[in-house]
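Okay, structure first, notes after.
The values are calculated or read from the model by the stated rules, or taken from the named source; none is laboratory data. Here the structure is a predicted model, which means the values were calculated and not measured. Neighbour counts are summed over all protein chains in view; Cβ atoms, including those assigned to glycine, are modelled from backbone coordinates with ideal geometry.
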Amino acid sequence: MIGKEVICVICPSSCHISVKGDGKTISEITGFTCKRGKEYAENEYIAPKRSLATTVKAEGYSCPIISVRSNKPLPKEKITDAMEVIRQAVAKPPFYVGKPVIENILDTGVDIVLTNQ
Amino acid sequence: MSNSEYKYDVAVIGAGPAGLAAALAAKKEGAEKVVLIERDFRPGGILEQCVHTGFGLKYFGEELSGPEYAYRFIKKCEDKRIEMMLNTMALNIDGANRVIHAVNQNGAVQIKAGAIVLSMGCRERTRAQIVIPGSRPAGIYTAGTAQRFCNVQNHIVGREIVIVGSGDIGMIMARRMTLEGAKVKAVVEVMPYLAGLTRNRVQCLDDFGIPLYLSHTVVNIEGKRRVNRVTVAKVDEGRQPIKGTEFDIDCDTVLLSVGLIPENEVSKSAGVELDPVTKGPLVDQNMMTRTPGIFACGNVVHVNDLVDNVSTESEIAGDSAAKFAKGTLKGADNEISVKPGTLVRYMVPRFIEAGGVERETKMYFRVTEPAKNVTIEAKNGEETLYHSRKKFVNPGEIEHIQIAADQLNRLKGGDIVVNVIKDEEAR
Amino acid sequence: MKNEADIVIVGAGAIGSAIARELSRYDLDVILVERNEDIGGYASKCNSATLCSGHDAPLNSLETRLTSASNRAYEEICKKLDVSYKRTGMIYVAHNEEELVRLRAIKKKAILNGEYNAETLSKEKVHELEPSINPDIVGGLLIPNEAIVDVMELLLAFVENAMDNGVTLMLETKVTGINTDPVDHHVVSVSTDKGDIKCKFVINAAAIYADALAKSVGFCDYYNYPRTGQFYVLDKNLPYAPKHIVVPLPTPISRGRLLTPSIEGNLLVGPSADNMTDREDTKTDKETLDSILKDCRKMIPAISPMDSVTQFCGVRPAIYPKTDWRIRAIDGCKGYIEAVGINQGISGAPGVAKYVAEILDDEGLEMIEKKNWISERKAIRRFAKMTEEERDAVIRENPKFGNIICRCETVSEGEIIEAIHKGPGARSVDAIKRRLRAGMGRCQGGFCGPRVVEILARELNVSPEEICKNEKGSEMLARENRK
């Protein structure tokens, strides 16, 4: 039985939600006070995701680097590997907000896109 | 005299989120010639180095990174032909004549304006101001400076880091540095509660196993040339270190996230009256300071949590500035103070001109301590102008109330006092 | 590296720098050697920046004569060298009758030392001169000749002027010993960590390290130990800041905790005086800082730590046994001259320099005055102090002056570039700070730091990772991020 304590971040109540299950399906979930909190805790248990925002090397830009982020949240466990891929990437002109620098990073369906120009 | 003299209807100092929103609002309200005076090489202010997301949920309904949020406004400014003087540093203001004295690589410039908007933002509190004893080696930075080094100049300031203060900037940098391969060994917070958002604690500290020490402080920094360790101690209720609780953490970097201070040297030069609590200008419901024709908005007035709120507040400033420049800003001679009452640290705006209020007025404040189940009320004498209940309030999050224009315009005298009352005290 | 000279001066603090300037008047080949990455040594760059009058020095001593003479010469020297100087005067304050009696003795000593305008102050007069002084103060003593100066500018001026006149400066060069002839024990060379320098004379101005150097010639009847002094630097233009230097009655080992206005308008509070063992330990600590505040509030109650911009700690070279200043040639070692045990280096530097020149002459060194000695030197023009017209003109000449790097102290890129290349050029963040005040303001380098590092790297043609805060090992950055 795999249990996980989740502090919900949806609102200032910061409910402590307890989730129990086999790691893939949830058998018990307690401590939430609203629907959004329950949903957040469920996601945190089954497939926690995080958005990733960082910088990539840029050539032909006003700074040596340019800011980027994932256009969708990434699986939490892929963040470190994603950073490795981002470290090797180089953004080149033209620079526009939303331009993908890395498409479908680590086969997650998530792009890393420019957030500045 | 140099011949670099410029005339504008509205001149805005600082092209960060506050200035950008104010300039756009001024243009929208009919100001023809609007200029943004910006010291950096590009507009966007502090947002340009805030590569993380969390901006725009309220204003745009989207979760954006700092530069993206700024870009939305920058693009609009370009479309509306709002001028930008980049690499231009405003040095002082002749408040009576509304002339800004600035310099850039072309020379000394004077910018005469019908109305001026101050939106210079804030600076970070330093190690010296919180008096951490010890040596003064390399490796001690405020979190924002480390952020600039990393996100604009592409340098990592250190390898093993201790962060002082659980402000959002510190927590954000904890994550940023960890993702870049540095080891963040601890976040040390002197209060018994988190200074920033819980969301950041979860996603920046807990996610990476970075320990958070509440009710602790750094009592010594060691290292001759470069930091090599800090000493941390628990503190008592008076926030004084408790002897015998000290422990050392080896590190080569100390990042400070211990508060922001509105940057008002230029405002002082204009003779603008400052609130001794916030260190920002005293403003009315139009975001006008006590110096006619000089408006202020954003972090230069009071440190905000959400850039979204900065944008809406700045739109009021810009709109009012444009009106002032045209001569259509409704004045009034009935100044009513807005005073912080129980559990309230400060109020913005700090006064209203009864008779001249044109819109429902939001009044912002921070509480002095965290509290649960409180009543928030605003009274003028016996009359209640606002009343509501709230489950949680804490100093880390700005609160606000709103009062309708006609209610404010009917006030004859006295003060508006805003109180936050705990249930136990209400009896 | 230059490996031969007539004279090697060890230590570019106030004494060594002043001696270098003085000797540059003559047709001599002089090398000034300093172990650190910038001039200023230790005590000389970290103190209350006062020019003492000599009123409280031991009677009939060399210390009094040289301090007094320097004090009188300084106004003119500062004019010639373009250094900010102000004769503020100093006021002793007495808390009670017993202290008034002691003040009488201090006045007597002052007069016997030649400070004839020392003036007893009534309680009313004290408060008229300085309204923010504690109303409990019962009287005072005014010493009008005490002054304040821009110390770093003064040190730079000495060294720049010396360099303009042909003196060679070697930074980051540690002198490890003096070598003498095996037979008649005269100086033949100086050993450094970069190689030996042949020379006829060595002047030991190594302050805290003087004893180690003296031991290498076999003549050392003293030892040096560090005495640290912690300070608060308070904000500029505080309403309670005094115009005079305000001091309590002295203790046996020090002048006590002073309130010193700085030439830029800040207020310095301190120093403490603590004997240490580690010669480079410059840590501040809570107990000492708190006690400094406590003592200084006895003089001006309104002093508040909230007005503090920073705190620092300097190291003074104390000496045991404490005798008069040891400025002398040594009989058994021809060519070795020392200027050590000088507790107020900045105050006495010009006098010491002239005295040392006479010693060299006595020792047989041929000293021919240069006909074309450059007597003046100009400081870097400070953007912060210019009028708007001057700013406009200087920017049109050089646009880099229009790029403001330090917003707290209004320092432009143009000045920073000058400071890197002029005379003993700045090579570190602290060197820039000391020369231009960039990083000394409210935000303590938070805004200008990244920009200064970038400019230093560019001008010195090194990577930003090599830029240090001061000495090697104090690198500002760990590494480049995206490569």
For residues that are more than 7 Å from chain C (Cβ to nearest Cβ) and surrounded by fewer than 24 Cβ atoms within 10 Å (Cβ to Cβ), scanning just the range B:137-161, find the one that is farthest from residue B:258 (Cα to Cα). B:152
Return the residues of the range C:189-224 that are at pLDDT 95 or above, in a strand (DSSP E or B) and surrounded by fewer than 16 Cβ atoms within 10 Å (Cβ to Cβ); say none if nothing qualifies. C:191, C:193, C:195, C:198
Given (1) surrounded by fewer than 23 Cβ atoms within 10 Å (Cβ to Cβ); (2) in a loop (DSSP other than H, G, I, E, B); (3) touching a residue at least 12 places away in the same chain (Cβ under 8 Å); (4) at the interface with chain C (Cβ under 8 Å from one of its Cβ atoms), identify the lone condition not met by residue B:91. (2)
I need a count of the residues in the range B:265-284 that are touching a Cys at 6+ places or on another chain (Cβ under 9 Å) and either at pLDDT 95 or above or outside the structural domain of residue B:92 (by TED's automatic domain parsing) (or both). 2
With respect to residue B:28, determine if the residue is out of contact with any helix residue (DSSP H, G or I) (no Cβ under 8 Å at 6 or more places or on another chain), basic (Lys, Arg) and more than 11 Å from chain A (Cβ to nearest Cβ). no
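Of C:272, C:291, which residue is polar (S, T, N, Q), in a helix (DSSP H, G or I) and within 14 Å of another protein chain (Cβ to nearest Cβ)?
C:291
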Scanning the range B:100-119 for residues that are within 11 Å of chain C (Cβ to nearest Cβ) and in a strand (DSSP E or B), the one surrounded by the most Cβ atoms within 10 Å (Cβ to Cβ) turns out to be B:103
Looking only at residues that are touching a Ser or Thr at 6+ places or on another chain (Cβ under 9 Å) and basic (Lys, Arg) in the range A:26-73, which one is surrounded by the fewest Cβ atoms within 10 Å (Cβ to Cβ)? A:72
Within the group C:473, C:425, which residue is surrounded by fewer than 21 Cβ atoms within 10 Å (Cβ to Cβ) and more than 12 Å from every other protein chain (Cβ to nearest Cβ)? C:425
Any residue in the range C:264-280 that is at pLDDT 90 or above, in contact with a strand residue (DSSP E or B) (Cβ under 6 Å, 6 or more places away or on another chain) and either basic (Lys, Arg) or closer than 24 Å to residue C:15 by Cβ (or both)? yes
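Among the residues of the range C:354-373, is any surrounded by 23 or more Cβ atoms within 10 Å (Cβ to Cβ) and touching a residue at least 24 places away in the same chain (Cβ under 8 Å)?
yes
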Out of the residues in the range C:321-361 that are of a type in the set (A, V, I, L, M, F, W, C) and assigned to a helix (DSSP H, G or I), which is nearest to the chain's Cα centre (by Cα)? C:346
On the given criteria, is residue B:83 assigned by TED's automatic domain parsing to the domain that holds residue B:272 and of a type in the set (Asp, Glu)? yes
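Quick one: which residue in A:99, A:76 is under 12 Å from the mean Cα position of the chain (by Cα), surrounded by 13 or more Cβ atoms within 10 Å (Cβ to Cβ), within 13 Å of chain B (Cβ to nearest Cβ) and not small (Gly, Ala, Ser)?
Going through A:99, A:76 in turn, just one is under 12 Å from the mean Cα position of the chain (by Cα), surrounded by 13 or more Cβ atoms within 10 Å (Cβ to Cβ), within 13 Å of chain B (Cβ to nearest Cβ) and not small (Gly, Ala, Ser): A:76.
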Would a scan of the range B:380-395 turn up a residue that is at positive phi and touching a helix residue (DSSP H, G or I) at 6+ places or on another chain (Cβ under 8 Å)? no
Within the range C:1-41, residues in contact with a Pro (Cβ under 6 Å, 6 or more places away or on another chain) and over 13 Å from residue C:169 (Cβ atoms) come out as C:18
Going by the conditions given, is residue A:17 assigned to a strand (DSSP E or B) and either surrounded by fewer than 17 Cβ atoms within 10 Å (Cβ to Cβ) or away from chain B (no Cβ under 14 Å) (or both)? no
Looking only at strands (runs of 3 or more DSSP E) that fall completely inside the range C:81-167, which ones have 3 or more residues that are touching a residue at least 40 places away in the same chain (Cβ under 8 Å) and either under 22 Å from residue C:353 (Cα atoms) or among the acidic types (Asp, Glu) (or both)? C:147-149
Residue A:9 at pLDDT 90 or above and touching a Lys or Arg at 6+ places or on another chain (Cβ under 8 Å): no
What residue, among those in the range C:454-470 that are β-branched (Val, Ile, Thr) and in contact with a helix residue (DSSP H, G or I) (Cβ under 7 Å, 6 or more places away or on another chain), is farthest from the other protein chains (Cβ to nearest Cβ)? C:455
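Working carefully through the options C:390, C:409, find the one that is within 25 Å of the chain's Cα centre (by Cα) and either without any contact (Cβ under 8 Å) to a residue 40 or more places away in the chain or not in a loop (DSSP other than H, G, I, E, B) (or both).
Within the list C:390, C:409, the selection yields C:409.
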Of residues in the range A:56-73 being among the hydroxyl-bearing types (Ser, Thr, Tyr) and within 22 Å of residue A:108 (Cβ to Cβ), the one nearest to the other protein chains (Cβ to nearest Cβ): A:67
Sole exception among (1) within 14 Å of chain C (Cβ to nearest Cβ); (2) within 29 Å of residue A:59 (Cβ to Cβ); (3) touching a residue at least 40 places away in the same chain (Cβ under 8 Å) for residue B:84, by number: (1)
Selection within the range C:390-407 - modelled with pLDDT of 95 or more, under 22 Å from residue C:440 (Cβ atoms) and charged (D, E, K, R): C:391, C:400
